[in-house]
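Participant: This structure is in structure tokens; I'll ask about it shortly.
Coordinate-derived values only; no laboratory data. Nothing here was measured: the structure is a model prediction, and the numbers come from that model. Quick reminder, even Gly has a Cβ in these numbers, built from the backbone with ideal geometry, and neighbours come from all protein chains shown.
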Protein chains: 2
Amino acid sequence: MAKYLDSRRRHPLLSHMTNNLDTFFGAMSDPTRRAVIERLVSGPAAVSELHAPHDIALPTFMRHLMVLEESGLVRSEKKGRVRTVHIEAAPLAAAESWLQKQRAMWEGRLDRLSLLAESIAKAEKG
Amino acid sequence: MAKYLDSRRRHPLLSHMTNNLDTFFGAMSDPTRRAVIERLVSGPAAVSELHAPHDIALPTFMRHLMVLEESGLVRSEKKGRVRTVHIEAAPLAAAESWLQKQRAMWEGRLDRLSLLAESIAKAEKG
DNA sequence: AAATAAGTTAGCTATATGGCTAAGTATCTT
DNA sequence: AAGATACTTAGCCATATAGCTAACTTATTT
């Protein structure tokens, strides 16, 4: 049995990415893995199907899947000789909300700065 | 002069993250670098100031800044002996929109996922 | 029962990444 | 002019990452 690709009993869904933006971003930093995610948003797929479009050896590809699964982005279960992989939406949402927060803060600062700029401009006029 | 930390004449700005989600996610996968970003959203800062809270050697820290700058997330300019670093918002927005797109595609359940993202954001605040 | 399909495990290689120290350069400050 | 500041460069080390081949284990098919 796949030592890594077995997600029963692990990660209660959210525990993973609340703190682990590390593993999330790490997982997403590889083009192959991002492609897998892009494929999986449109539905679950077997390992071999996911592998097909990528010109790398199967074991290499499997390791990418491991990374995705360990980061909580994906889950899989095996039935017969076929392992089916599906996406886990929560981490995507979590990362998005982190980015949103940062952007909001940045924009908030801009607003304050533009107000400051305005008041300075007025003061200079007067 | 800093061979890498010199962003005059470079600024990929937009060209960078349209294709290069790679470098973006790679840059964000390190906790030190994410901390720098979190610090920078509230305004520009000198290298030494950014370095202070991190318990790593300055040269090591500088390399993190390089990575951030090469990924387009950050820019810097030197005046006298002080190098000031500021955030570049576009890449954050680009990554966010990529995530949004994936999320939206995921089984087309945009509304449910937005709610999820919100609840995660709230949980993180609390 | 034999062959094929779909993973899985083991083990090797090369490059990237993150951390360090030591020493150098270019500004201020005194 | 001397010393302190604020990086910058160079170079070394350990671990992680991404890729490969070869061989193995279960299912399914034939």
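Participant: How far is A:ILE56 from itself in the other copies, in nm, if each label sits 7 Å out from Cα along the Cα-Cβ line, shortest first?
Facilitator: 2.4
Participant: I've got another one for you. Amide H neighbours of B:ALA46 under 5 Å, counting only residues 5+ apart in sequence or on other chains, H built in-plane at 1.01 Å?
Facilitator: B:VAL85
Participant: Rounded to whole Hz and in sequence order, give me ³J(HN,Hα) for segment B:30-40 from the Karplus expression 6.51 cos²θ - 1.76 cosθ + 1.60, θ = phi - 60°, writing x for Gly and Pro.
Facilitator: 9, x, 4, 5, 5, 4, 4, 4, 4, 5, 6
Participant: Label position 7 Å from Cα toward Cβ: report the copy-to-copy distances for B:ARG39 in nm, one decimal, ordered from shortest.
Facilitator: Distances between equivalent label points, in nm: 4.1.
Participant: Using a label point 7 Å beyond Cα on the Cα-Cβ vector, give me the inter-copy distances for A:ARG81 in nanometres, one decimal, shortest first.
Facilitator: Once sorted, the set of distances for A:ARG81 reads 6.9 nm.
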